[in-house]
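What follows is one structure encoded as structure tokens, with my remarks underneath.
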Amino acid sequence: MKLRYEAFGAWVKLDTVPAVLALDREGVRALGLDGGDLWSDTRPAAPSAPLEVHLAVTQRCAAGCEGCYLDARPDGLEPPRAVLLERLDALRDAGVMTVAFGGGEPTTRDDLGLLADEARKRGLTPVLTTSGLGLSAAKVERLRGFAQVNVSYDGGAEAYAEVRGFDGARAAEAAIQLLAASGIRVGVNVVLTRTTLDSLPETLRRACSLGASEAQLLRYKPAGRAATLDYLARRLSPEQAAALGGTLRALTLEHAPAGFSIRVDCSMIPYFAGDPVLYASADALMRAGVFGCEGGQALAAVKVDGKVAPCSFVASTGLDASDLLLDHGSDPDLGRWRSFVRSAPEPCASCALASVCKGGCKAVSLFVDGVHGPDPECPRVRAYRATAQTAPS
Amino acid sequence: MGSGFNPLYDGDTRPDDLARPRRQRLRRRVILSARPIQCRLPMPEPARSPVDPRSVRALRPGHGANCSSIGSVVDTLFVTALLGGAIFAAVVAALGHERIEVVGPGGTGENKAPPERDVESDAPKVDST
């Protein structure tokens, strides 16, 4: 297991069970360890380094998805291997536990397998996201170093085309099957839009039947080529957002018995405010390790130019990946993300889920409201604003 | 009610830190990263006792495999009795036998500890051994 000391105890990533856990100080002491000065120092501890970093290994991609958050192109930037190895060094030194390789299309790199091996040598758990387009048996062999590979799969032909602008469903399905048949743990990334949400149950059944063991549900975000007015028509409707808790409950009950797991991304936690049961379950969410917006904290992205961003969907800070160890806690841009969490305005300040949600998706608030503020698509924020508009002045 | 602050990170922020001069922050951080090495000696393997499941304050199942957003498994929220219990049991068992490698600043695991930065020159120190 990998253990990283924290003020509360330690983060632990297990080797034999795919899980990360927060262990309190007593738990760490039971392992025969002690946090030393980090625990005895009465001053507040420095902000920790990220637990998970999204590493863009290329900006090249020929798919041309309409909503690509990176605006990847066939002639995009591609860092040399030596540069990426230095970035992996920096992640190791900072105590990062998981590195998610992305792009662009990472499988266009011939050295992708080698990079996964190098991540492992550094004690990092490498995972990968791919479109699956052009994934051959030979390429799959190079992916064995990854703990898990997720294939972008938004559903059958229509749903896939709705999100990406072309029908790549059959290629994605072939990739899922190929990976599963090769014994590689495979999941699917499903982007939810107003149109594709209805077909989600069928999409998950299909993915499960193809051999996927997990689905990661992703909110459609206004970044890269998706940062257009079209976003407003594609995002989930207020009714869909408010009902998402019930949708997840039904999908989980259907798939959990078969061992098919469902994940939601950080930006979907605000929707939980629309579900009375989940809204009253902040402690359970915390205990289940559910993360809302972790930009500036447990999550960071390293873009192709080596600059660190709070997440993949927002602009980079001035911080270079090589300075992650020393300056993650003091970078002023990342500090602004952390300070928002500590002093969020209403209605987040009085929200029962604030400690988990952390104000929702800032990529959305920056695009829709033009400010780093509460998520405007959160059911609670919508209600708060509606009330404010109708209140007598 | 919501404070906008995750209890996992209680005591994990240093609001006054940004006000300190950069050099002072760096010096303090270097000191903090160096000091624990004296008291964190995980090798040979330290004696363990069973971890009380209540010490597991949060459990995030799965590897996560998305390159853009941080994902959280929600299964355990809806089917906690059986699934959650099984995962918890597996985790506590793993804590009892897996080899420990301390990572991050002050880490003394198999991977070498991160290079300490020379505060005065702001350049990485190179281990000459």
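The values are calculated or read from the model by the stated rules, or taken from the named source; none is laboratory data. Just so it is clear, the model here is predicted, and its values are computed rather than measured. Every residue, glycine as well, gets a Cβ built from its backbone with ideal geometry; the counts of neighbours run over all protein chains shown. Quick note on the areas: whole protein, heavy atoms, side chains included, nothing else; ligands and nucleic acids left out. Shrake-Rupley method; radii C 1.70, N 1.55, O 1.52, S 1.80 Å.
Subtracting the Cα-Cα distance from 0.36 nm times the residue separation, let me have the gained length for A:Glu86 to A:Arg205 in nm, one decimal.
So the extension gain works out to 38.8 nm.
Kindly compute the accessible surface that chains B and A hide from a 1.4 Å probe when together, both sides summed, and give it to the nearest 100 Å².
Approximately 8600 Å² gets buried when B meets A.
When the chain is fully extended, how far beyond the present Cα-Cα distance does A:Ser237 get from A:Glu346, taking 0.36 nm per residue of separation?
37.0 nm
What percent antiparallel are the DSSP beta bridges of the protein assembly as shown, to the nearest 5?
For the protein assembly as shown, the DSSP antiparallel bridge percentage is about 40.
Per residue of A:335-342, count partner chain C-beta atoms within 10 Å of its C-beta, then hand back the mean as an integer.
4
Taking loop as defined by DSSP and a crowding limit of 16 other beta carbons within 10 Å, which chymotrypsin sites (Phe, Trp or Tyr not before Pro) in the stretch A:91-180 fit?
Of the chymotrypsin sites (Phe, Trp or Tyr not before Pro), the ones in loops of the stretch A:91-180 whose Cβ has at most 16 other Cβ atoms within 10 Å are A:Phe166.
Say the dipole of the stretch A:1-124 comes from +1 at the beta carbon of Lys and Arg and -1 at that of Asp and Glu; which of A:Gly9, A:Thr108, A:Leu124 then lies farthest toward its positive end?
Checked the options; the winner is A:Gly9.
Specify the residue with the greatest mean-square fluctuation among A:Thr108, A:Thr195, A:Thr16, computed from a Gaussian network of chain A linking alpha-carbon atoms under 10 Å apart.
A:Thr16
Suppose each label sits 7 Å from its Cα in the direction of the beta carbon; what would the A:Thr42-A:Gln389 distance come out to in nanometres?
Inter-label distance under the simple model: 5.1 nm.
When you count, for each residue, the other Cβ atoms within 10 Å and take the mean per peptide, how do A:24-35, A:2-13 rank with the highest first?
Order by mean packing, descending: A:2-13, A:24-35.
May I ask you to list the residues of the stretch A:169-189 whose amide nitrogen lies under 16 Å from a point 7 Å from Cα along the Cα→beta-carbon direction of A:Ala157?
A:169-174
Just checking the output field for A:218-224: average partner chain Cβ neighbours within 10 Å of each residue's Cβ?
The shielding value for this peptide is 1.
What part of the accessible area of the protein assembly as shown, given as a whole %, is carbon or sulfur when the probe is 1.4 angstrom?
Answer for the protein assembly as shown: carbon and sulfur cover 56 percent of the accessible area.
Given a Förster distance of 35 angstrom, what is the FRET efficiency for A:Arg170 paired with B:Ala93, based on the Cβ-Cβ distance and rounded to 0.05?
0.25
Give the calculated FRET efficiency between A:Ala284 and A:Leu114 to the nearest 0.05, with a Förster radius of 51 Å applied to their Cβ-Cβ distance.
With R0 = 51 Å, the Cβ-Cβ based efficiency is 0.80.
Hey, got the average number of other protein chain Cβ atoms within 10 angstrom for residues in A:143-151?
Mean partner-chain Cβ count within 10 Å for A:143-151: 2.
If the elastic network links every pair of Cα atoms under 10 Å, which of A:Arg249, A:Arg380, A:Arg87 fluctuates the most in the Gaussian network model of chain A?
A:Arg249
For B:Asp52 and A:Ala250, what is the calculated FRET efficiency with R₀ set at 22 Å and r taken between the beta-carbons, to the nearest 0.05?
For B:Asp52 and A:Ala250, the calculated efficiency is 0.05.
Could you tell me which of the pairs A:Lys121/A:Lys362; A:Lys307/A:Lys358; A:Lys121/A:Lys358; A:Lys139/A:Lys358; A:Lys121/A:Lys303; A:Lys121/A:Lys221 are separated by over 30 angstrom between their Cα atoms in the structure shown?
From A:Lys121/A:Lys362; A:Lys307/A:Lys358; A:Lys121/A:Lys358; A:Lys139/A:Lys358; A:Lys121/A:Lys303; A:Lys121/A:Lys221, over 30 Å: A:Lys121/A:Lys362; A:Lys121/A:Lys358; A:Lys139/A:Lys358; A:Lys121/A:Lys221.
Taking only Cα atoms and a 10 Å spring cutoff, compute GNM fluctuations for chain A and point out the largest among A:Ala250, A:Ala169, A:Ala349.
Looking only at A:Ala250, A:Ala169, A:Ala349, the biggest GNM fluctuation is shown by A:Ala250.
Quick check for you: with a 1.4 Å probe and neighbouring chains kept, what is the accessible area per residue of the protein assembly as shown, in Å²?
Per-residue value: 37 Å².
Taking the Cα centre of the protein assembly as shown as the origin and placing charges on Cβ (Lys, Arg +1; Asp, Glu -1), which of B:His63, A:Leu55, A:Val290 is farthest toward the positive end of the dipole?
Towards the positive end, the residue furthest out is A:Val290.
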